[in-house]
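Engineer: One structure follows; several queries about it will come next.
Every number in this text was worked out from the coordinates using simple rules, so none of it is lab data. Bear in mind that the values here come from a model prediction, so they are computed numbers and not experimental data. Here Cβ is always computed from backbone atoms with ideal geometry, including for glycine, and neighbour counts include all displayed protein chains.
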Amino acid sequence: MNTAVAARYSDGRRAGDEPVALTFLADGTVEIRGETFARTEQLAAFRPAAPLAGVPYFVRLPDRALLEIPRSPEADAALGAAGYRGRLHRRLEWLEARAVAAAVCTLLLVAGVALTVWFGLPAAAARVARSVPADLERRAGNFAFDTFSQQVGGGVTLPAQDQIRAARILGRLTKARGDRVKAELIFRNLNVPNAFAFPGGKIVVGESLYLACLKEPQGEDLFAAILAHELAHVESRHGLQLILRNSGALVAMAVITGDLSSLTAFSATLPILLIQQGYAREFETEADTVALGWLRAAGINPTALPAALQLLEKMRPKSGPDFTYLSTHPSTDDRIKLLKAAAAAPAAPPAKP
Ligand SMILES: [Zn+2]
């Protein structure tokens, strides 16, 4: 029997989305029909991110178009056929249950919604993130890292000399910027090539990502480019902003009372936010720009950054769930093109006499 489900569709190139009707056909294909277009996909090509209670499915299609499918019994049944219920997913659900339990506070939620309407949550989150003292930032980041370690696991198998070599690359970058970010590189055998930056400076790197970089010519530069991008997320406090953007209540409390004491508890949500949503597009753009500066300061050719993204693009799975670097650091061909142009441009155009 065919199942029809309403969804929203964005083509991944233009801003905004539009309503579409999905028809799940008995032969394993899905018809996506919008006002101005229609396309057909194999259900097997759907790679829904691990769903959370009450949160829509986000399905990234092979050409980067994105479907947002509200939860319903019909959607659950139709996507169950393409769903992913691996170990990581069960761990994420456990994590989510804990985070939600910590987050329930009706009054503050109402205030959070009001704040969102009045000021815009991203702007308020950015302001609050800037006001977080460094020691609280570090505590929140460490708590998020501990939660990540417990839930995602993964030991370290990388030989000591590789870890030392990688730490030297990180040191070269941070030193070039006067050690203003106190970063710590932590390797994990993650099964997927990915990297995660935590507030305060802990940067977790999947061993496979590092090893893939080092197989390439100028591999150290490629790895430095990824580290520079992660350092930029730390420096620009994107992790904190991500936590805050997803918690209107916390932002409301911070703005109204100046109280940020529950930031650490809320930071337990960061790993799942990173894995589930990744960073917002504007955070990626900002991190790219800042990263080019880090690379130039360290005397590394900034074209290493677009080259690293192209390498990571090749490492994405052709089917099945995608938890690789570019799934959590949304990338487009446009991003790579812009980066290539920016990296090739002179660092600072000479001032006119
Ligand atoms: Zn990123």
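Engineer: For ARG71 and ALA341, what is the calculated FRET efficiency with R₀ set at 45 Å and r taken between the beta-carbons, to the nearest 0.05?
Structural biologist: 0.65
Engineer: Give me the extension gain from ALA21 to ARG165: residue separation times 0.36 nm, minus the current Cα-Cα distance, reported in nm with one decimal.
Structural biologist: Gain in length upon complete extension: 46.6 nm.
Engineer: Convex hull volume of the Cα atoms in segment 196-328, per residue, in Å³?
Structural biologist: It comes to 114 Å³ per residue, whole-number rounded.
Engineer: Where a ≥ b ≥ c are the square roots of the eigenvalues of the C-alpha gyration tensor, would you call segment 146-206 rounded, which needs a/c under 1.5, or, failing that, prolate if a/b is larger than b/c, or oblate?
Structural biologist: Oblate shape, in that a/c is at least 1.5 and b/c is the bigger or equal ratio.
Engineer: State, to one decimal in nm², a quarter of the convex hull surface area for the C-alpha atoms of segment 3-70, i.e. the direction-averaged projected area.
Structural biologist: 4.6
Engineer: Follow-up. Please name whichever of GLN241, ALA126, LEU305 sits farthest to the positive end of the charge dipole of segment 93-344, dipole taken about the Cα centre and charges placed at Cβ: Lys and Arg +1, Asp and Glu -1.
Structural biologist: Result: LEU305.
Engineer: Computed over the Cα atoms, what is the radius of gyration of segment 176-250 divided by 2.2 N^0.38 Å, N being its residue count?
Structural biologist: For segment 176-250, the normalised Cα radius of gyration comes out at 1.22.
Engineer: How big is the dipole moment of segment 3-70 about its Cα centre under a simple scheme where the beta carbon of each Lys and Arg is +1, that of each Asp and Glu is -1, and everything else is neutral? Debye, nearest 20, please.
Structural biologist: 200
Engineer: Under 18 Å from a point 7 Å along the Cα-to-Cβ line of ARG98: which residues of segment 185-201 have their amide N that close?
Structural biologist: Only 198-199 pass the distance filter.
Engineer: So what's the gap between the Cα centers of segment 161-177 and segment 229-273, to the nearest angstrom?
Structural biologist: 28
Engineer: Longer than 28 Å from Cα to Cα, which of LYS182/LYS314; LYS318/LYS340; LYS182/LYS318; LYS202/LYS318; LYS202/LYS314 are they? Say none if no pair is.
Structural biologist: LYS182/LYS314; LYS182/LYS318; LYS202/LYS318
Engineer: Using the 10 angstrom Cβ neighbour count as an exposure proxy, how do SER247, SER261 rank, fewest first?
Structural biologist: SER261, SER247
Engineer: Now for a separate question. List the residues whose amide H sits under 5 Å from the amide H of TYR57, counting only those 5 or more places along or on another chain, with H placed 1.01 Å from N in the peptide plane.
Structural biologist: Amide H neighbours of TYR57: ILE69, ARG71.
Engineer: Mean shadow of segment 93-344, computed from the convex hull of its alpha carbons, in nm²?
Structural biologist: If I average the Cα hull's projected area over directions, I get 13.5 nm².
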